[in-house]
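This report concerns only the one structure given below.
The values are calculated or read from the model by the stated rules, or taken from the named source; none is laboratory data. On a predicted model such as this, the values are computed, not experimentally measured, just so you know. Here the Cβ is made from the backbone with ideal geometry for all residues, glycine too, and neighbour counts use every protein chain on show.
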Amino acid sequence: RRPAMRVLRGPLLSFDADPGDGDSPASGSVRYLEDGALWLDEGRIRAIADYTELAPRLPAGIEVVDYSGKLMMPGFIDTHVHYVQLDIMASYGRQLLDWLNEYTFPEECRFAERAHAESVAEAFLDESLRVGTTTAQVFCTSHPGSVDAFFHAARRRGLRMLAGKVLMDRHAPDGLLDDTLGGLADSERLIADWHGRDRLGYTLTPRFAPTSTHEQLDATGAVLRNAPDLHLQTHLSENLGEIDWVAELFPECEDYLGVYERFGLVGPRSTFAHGIHLTQPMRRRLADAGANIAFCPTSNLFLGSGLFDRQACQEAGLATSLASDVGGGTDLSGLGTLKAAYQVGQLLDQPLTAWQGFYRLTLGNARALHLDEHIGRLREGGEADIVVLDPEATPLLARRTARCRTLAERLFALMMLGDDRAVHATWANGACVHQRDITSQAAAV
Ligand code: GUN
Ligand code: ZN
């Protein structure tokens, strides 16, 4: 099923480079068209231009979708999220290790049942598209069926997604443990079935050092060495109790990162979630390997894990991406993630600009995941994943953005006050995959 040719007309914003951390974006980093047009054809952007310039070139009768007064951007990207934790978001009162044992592991056990995985995968993708996220790097559970369910659902919707089966062979309930090498055999089967199929990619997913034996981590490194185009995702230095436990389990390693290094898991396609409690030499080792840290502000606050020092990473040359980490995170929305990132930045005297924030959610995250040849920008030939924001989505947003004199102010208001209501529509692979229902709102007025 090929989506029809269409033109989306309205204001549009896209980044061509890192805008930096200044109040004004670095020159040449931002593309903004006040009356822009995106010509969508076969899932791609066939042309991007001012509408009046493009209009004479358009075929007669082509549908033009009017987004005047809105703001089109590349679809948002989430570099670290657990689809299987959707239903334990907002579980009270625990920090990481107790939260895993009391809430997370029992919930993940339910994914042994394929029908459960299928229904949660659909709900997760509905919610993601409702908040404008069109690509994510996703943890499933240790059950291979949880991965099949997710990839089937993402493929039916034409989405670009990365996901993987969790590898974990110790320190969790039996219903969640895999067999040391069986877990890798299952991963290889999933890679054969899904990696590179349509817009899907496979991510090797050892949960974190404490839940895999030396043998399993070693075997994971061997798979990665033989297939360097695979991604890898895990957790690193999130919580102080976790760090102590890793030191007990791996006394031969220099530090937490040293465990992953020892088994060959630290490479340019590796994403380490959290990375809050790191030394500067650890950050430099990660940078030298070309890895990235997923900054998960709502999760880091919710689980009381700590304040992530974005500037220290930058000084070490270490790439950071932005992620929700649902269900430790409290918000699937990229806008919600930006709001929390700003609040964390304020506590460290490094407030996130709107330019840097929206760059991170789009091209920055695409680069961190090595997906920038496909997504992250509005550009000719690029894949047509688009979020359409509405700066007047609610009465309050309308009042506040009416006051804004500059685009930077408008973007900042959206990132601090916006939520799913500010996402007017979402397009993926050239088709509209979410349209906000404003009839119920109109009825309430
Ligand atoms: N560390 C190991 N597993 C998890 C998880 O599921 N969520 C978070 N936030 N940290 C983890
Ligand atoms: Zn996580």
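Within the range 270-306, the residues that satisfy the criterion of being assigned to a strand (DSSP E or B) and within 17 Å of residue 253 (Cβ to Cβ) are 270, 272. Taking the stated definitions as given, is residue 325 under 22 Å from residue 371 (Cα atoms), buried (at least 22 other Cβ atoms within 10 Å of the Cβ), among the acidic types (Asp, Glu) and in contact (Cβ under 8 Å) with a residue 12 or more places away in the chain? Criteria met by residue 325. Would you say residue 23 is surrounded by fewer than 16 Cβ atoms within 10 Å (Cβ to Cβ) and either part of a loop (DSSP other than H, G, I, E, B) or basic (Lys, Arg) (or both)? For residue 23, the condition - surrounded by fewer than 16 Cβ atoms within 10 Å (Cβ to Cβ) and either part of a loop (DSSP other than H, G, I, E, B) or basic (Lys, Arg) (or both) - is met. Tell me, yes or no, whether the range 15-35 has at least one residue that is over 22 Å from residue 410 (Cβ atoms) and at pLDDT 95 or above. Scanning the range 15-35, I find no residue that is over 22 Å from residue 410 (Cβ atoms) and at pLDDT 95 or above, so the answer is no. Just one residue in the set 378, 338, 361 is among the hydrophobic types (A, V, I, L, M, F, W, C) and not in a helix (DSSP H, G or I); that residue is 378.
Identification of strands (runs of 3 or more DSSP E) wholly contained in the range 57-114 with 1 or more residues that are within 15 Å of ligand 2 (Cβ to nearest atom) and out of contact with any helix residue (DSSP H, G or I) (no Cβ under 7 Å at 6 or more places or on another chain) yields 76-82. Counting only residues that are touching a residue at least 12 places away in the same chain (Cβ under 8 Å) and surrounded by fewer than 23 Cβ atoms within 10 Å (Cβ to Cβ), the range 74-93 holds 7 of them. When the residues of the range 185-229 are filtered to those that are among the β-branched types (Val, Ile, Thr), more than 16 Å from ligand 2 (Cβ to nearest atom) and part of a helix (DSSP H, G or I), the one that is surrounded by the most Cβ atoms within 10 Å (Cβ to Cβ) is 220.
Scanning the range 145-183 for residues that are buried (at least 21 other Cβ atoms within 10 Å of the Cβ) and either assigned to a helix (DSSP H, G or I) or basic (Lys, Arg) (or both) yields 146, 147, 149, 150, 151, 153, 154, 160, 165, 176, 183.
Here is a yes/no grid of residues against (1) at pLDDT 95 or above; (2) more than 23 Å from residue 26 (Cβ to Cβ); (3) more than 16 Å from ligand 1 (Cβ to nearest atom):
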residue: 320; (1), (2), (3): yes, no, yes
residue: 327; (1), (2), (3): yes, yes, no
residue: 331; (1), (2), (3): yes, yes, no
residue: 334; (1), (2), (3): yes, no, yes
residue: 343; (1), (2), (3): yes, yes, yes
residue: 348; (1), (2), (3): yes, no, yes
residue: 352; (1), (2), (3): yes, no, yes
residue: 356; (1), (2), (3): yes, no, yes
residue: 361; (1), (2), (3): yes, no, yes
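Looking at the range 130-144, which of the residues that are outside any loop (DSSP other than H, G, I, E, B) and more than 16 Å from ligand 1 (Cβ to nearest atom) is farthest from the chain's Cα centre (by Cα)? Taking the candidates together, the pick is 144. Of the residues that sit in the range 307-318 and are assigned to a loop (DSSP other than H, G, I, E, B) and under 20 Å from residue 270 (Cα atoms), which one is farthest from ligand 1 (Cβ to nearest atom)? Top of the filtered list is 317.
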